[in-house]
Amino acid sequence: MSGGIRLGSFSGIRIIGDASVFVLMLMFGLAVLIDLDSLGAADSGQIRGFAALAGGVGLLVGVLVHELSHAVVAMRRSMIVSEVRLFMFGGYSVITGEPSSRDEVAIALAGPLASFLVAVITGLGVVVLGSGSVAGRTMLLLALANVAIGVFNLLPGFPLDGARALRGILAARSGDRLRATRVVNTIGRSLGWLTVTLGVVLMVTRQPIGLFVVVGGWFVAQAAATVGRREELSVALDGMTVRDVMRRTADAVPADWTVSAMLDRYGLGPHLRTQPVEVKGRVVGVVAQEDIETVSPPRWSSTRVRAVMSLIGPTDIVEASDSLESLLLRPAGGSGVAVVVDDGRVVGVIDPESLGTVL
């Protein structure tokens, strides 16, 4: 995945910060500054400004520790972690390898536990420095923020850690990971909308925190719907490759052929199934019955295939050995069809009819 600012590395893991994470730092820094001003601290504005900056950086460190804890536990359980990404609502680790149910629980819970540990450490700083000082007050706000991060991530809705931990527990008991995923997905959506309802009630009763509760609940509900569906697909298609569901085809049709020549060569008749089209050995499009129907039969002998084909892009050409999950998660092309190649040679096509057998 491209984009983001590289912040460094840890044990070979790239640490990437999305631009939104710096907005989070700014927002928290402003919150620290406002809180210090409301206390009427006698310290200079420069000192309060430095405390706000330190608070923003401290929050970033807390989020990073949370995410790195997932990565460290995953690596200790023989999985490969290539990257950690941070953004406004937290972050995620790019982990290669399918964890067991027990491993998933351990990896998921490592994040919230790390956040609570950071909260304890910063809380000790408050005890030493005193909550009335600028430094102590900043540490207190950091402690509360890390507690909030830990608690929020324990909610059982994807993509939060609580959902993955609950799925691991349910899958370990039932042995059915797909069913466990669906149960957790349902719980996450329900919890999200219940939280939205609670937020609305708080707003009606003029509680300022109500707006934040609504936003948090909406995030959980929407994430559970989108990420939860992706998780279901990931489990259902685990181990399947593009080759398993593709429809095998002959070599790609040359774009310079006439429509009549194509129909005569492949004997496809009036019910043409999707076929790849190539120009000088490079696949550039697909042609199907609906494309042929745009031209009247008398013109088939003079119309080139390139004139009726649907163009495809680089992301619409996939390897036969690719996982089916990666195919479904790729950016969708305009044609709705993927051409499958093996060692540079066209071997098949993936279309809605092909996927209908597994989805």
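Just so you know, all these numbers are worked out from the coordinates, no wet-lab data involved. Everything numeric here is computed off the predicted structure, so don't read it as measured data. Note that each Cβ is placed from the backbone with ideal geometry, even for glycine, and that neighbours are counted across all protein chains shown.
What length, rounded to one decimal in nm, is gained on full extension from THR186 through to SER321, with 0.36 nm per residue of separation minus their alpha-carbon distance? If you can, show how the numbers build up before the last one.
Details: separation 135, 0.36 × 135 = 48.60 nm, distance 3.26 nm.
Contour length minus the Cα-Cα distance gives 45.3 nm.
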- Message: I'd like the antiparallel share, as a percent to the nearest 5, of DSSP beta bridges with both residues in the chain.
- Response: 75
- Nearest 10, in degrees from 0 to 90: the angle of helix 19-39 to the longest Cα principal axis of the chain is 20
- Message: Please compute the modelled spin-label separation between PHE10 and ASP244, points set 7 Å along Cα→Cβ, answer in nm with one decimal.
- Response: 3.4
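Work out how much length ARG273 to VAL295 would gain on full extension: take 0.36 nm times their residue separation and subtract the Cα-Cα distance, in nm to one decimal. Mind showing how you got there, number by number?
Values: separation 22, 0.36 × 22 = 7.92 nm, distance 1.63 nm.
Extra length from ARG273 to VAL295 when fully extended: 6.3 nm.
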- Query: So how tilted is helix 134-153 from the main axis of the chain? Cα-based, degrees 0 to 90, rounded to 10.
  - Reply: 40
- Message: Testing the spin-label approximation: label points 7 Å from Cα along Cα→Cβ at ARG77 and LEU39. State their distance in nm.
- Response: 4.0
- Query: For TRP257 and TRP193 in one chain, what is 0.36 nm times their gap in residues minus the Cα-Cα distance, to one decimal in nm?
  - Reply: 17.4 nm
- Of VAL287, VAL242, VAL118, which is the most mobile in a GNM of the chain whose springs link Cα atoms less than 10 angstrom apart? VAL287
- Message: Taking the beta-carbon count within 10 Å as an exposure proxy, list MET75, MET240 from fewest neighbours to most.
- Response: MET240, MET75
- Message: With angles folded into 0 to 90 degrees, how steeply does helix 209-236 sit against the dominant principal axis of the chain? Use alpha carbons for both and round to 10.
- Response: 40
- Note on the structure: If R0 = 22 Å, then GLU98 and ARG179, at their Cβ-Cβ distance, give a FRET efficiency to the nearest 0.05 of 0.85
- Residues ASP103, ASP291 arranged by fewest to most Cβ contacts within 10 Å: ASP103, ASP291
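Can you compute the helix-only [θ] at 222 nm over the chain? Use -39500 (n - 2.57) per DSSP H run of at least 4 residues, normalise by all residues, nearest 500 deg cm²/dmol. Each step should come with its number before you reach the end.
Numbers: 13 runs with 202 residues, N = 359.
That comes out to -18500 deg cm²/dmol.
With 10 angstrom as the radius, rank ARG177, ARG230 by how many other C-beta atoms surround their C-beta, starting from the fewest. Don't skip to the answer; put the middle values down first.
Details: ARG177 22, ARG230 14.
Ranking ARG177, ARG230 by Cβ neighbours within 10 Å, fewest first, gives ARG230, ARG177.
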